[in-house]
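Beneath this line is the structure, given in structure tokens, with notes to follow.
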Amino acid sequence: MEINIREWQRGDLAGIQKAWLEFCRQATRSDMRLKPDCEVAMTEWLAYRFKDPGAFGFIAESNRKTAGFLIGRVGDWESAPPVIEPRKLGIIDAVYVNLEFRRRRIGIRLVERALQTMRDRHAVAVETVYDAWNDDSAGIWRRAGFAPWMVHGYRML
């Protein structure tokens, strides 16, 4: 099976939205609920991100079928409070691989493509958020060279 990775196009947004919202429906915890207007909110966010000159997206395909996607961006980051010199950072907002295509190195290939794009745009570092309890997800990020830095703790009440 050959996997092709290409840049996203406007026509890809509906498929990205469908896959992402389905993932969110399955991954939410008891303290998390999707907004009643989540489809509208996601449509607006994807349209905004698609037009953002600092953003990029990649689609992984096999025989014209979407296998997965990645959305990222590069921009200037300023700390709050503003005590650290501004720097150019890459952010990976989302990586998703459709269930039938998992365990074929598609996720790591999408991440590697994003990292090269960020290098080309002169980012000095890259950040992302992933589910630390999901071994598959955490494994992809470890293989891509990511390590925890500032841990975001969470406790349900």
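Can you find a residue in region 79-93 that is in contact with a helix residue (DSSP H, G or I) (Cβ under 8 Å, 6 or more places away or on another chain), of a type in the set (A, V, I, L, M) and under 28 Å from residue 139 (Cα atoms)? Yes, region 79-93 contains at least one residue that is in contact with a helix residue (DSSP H, G or I) (Cβ under 8 Å, 6 or more places away or on another chain), of a type in the set (A, V, I, L, M) and under 28 Å from residue 139 (Cα atoms).
Within region 94-113, residues that are surrounded by 23 or more Cβ atoms within 10 Å (Cβ to Cβ) sit with their Cβ atoms under 6 Å from residues that are assigned to a helix (DSSP H, G or I), at 6+ positions apart or across chains, in these pairs: 95/107; 95/110; 97/106; 97/107; 107/140.
Evaluate the following for residue 75: is it surrounded by 13 or more Cβ atoms within 10 Å (Cβ to Cβ), in contact (Cβ under 8 Å) with a residue 24 or more places away in the chain and small (Gly, Ala, Ser)? So residue 75 fails the test.
Determine if region 9-24 includes at least one residue that is closer than 21 Å to residue 91 by Cβ and among the acidic types (Asp, Glu). The answer is yes, given that some residue of region 9-24 is closer than 21 Å to residue 91 by Cβ and among the acidic types (Asp, Glu).
On inspection, residue 136 passes the criterion of being modelled with pLDDT under 95, charged (D, E, K, R) and farther than 24 Å from residue 64 by Cα. Residues in region 31-53 that are over 14 Å from the mean Cα position of the chain (by Cα) and closer than 23 Å to residue 120 by Cα: 4 in all.
Collect the residues in region 39-49 that are out of contact with any helix residue (DSSP H, G or I) (no Cβ under 6 Å at 6 or more places or on another chain) and either closer than 14 Å to residue 71 by Cα or surrounded by 13 or more Cβ atoms within 10 Å (Cβ to Cβ) (or both), keeping them in residue-number order. 39, 41, 43, 45, 47, 48, 49, listed by residue number. Taking the criterion of being within 17 Å of residue 91 (Cβ to Cβ) and not polar (S, T, N, Q), the residues of region 132-148 that qualify are 140, 141, 144, 145, 146, 147, 148.
The residues listed here are 126, 83; of these, the one that is on the phi < 0 side of the Ramachandran plot and in contact (Cβ under 8 Å) with a residue 24 or more places away in the chain is 126. Taking every residue in region 14-42 that is without any contact (Cβ under 8 Å) to a residue 24 or more places away in the chain and closer than 26 Å to residue 100 by Cα and pairing it with any residue that is exposed (fewer than 13 other Cβ atoms within 10 Å of the Cβ) and among the charged types (D, E, K, R), at least 6 positions away or on another chain, the pairs with Cβ-Cβ distances below 7 Å are 34/25.
The values are calculated or read from the model by the stated rules, or taken from the named source; none is laboratory data. The structure displayed is predicted, hence computed values, not measured ones. Cβ coordinates were reconstructed from backbone atoms using ideal geometry, including for glycine residues, and neighbour counts include every protein chain displayed.
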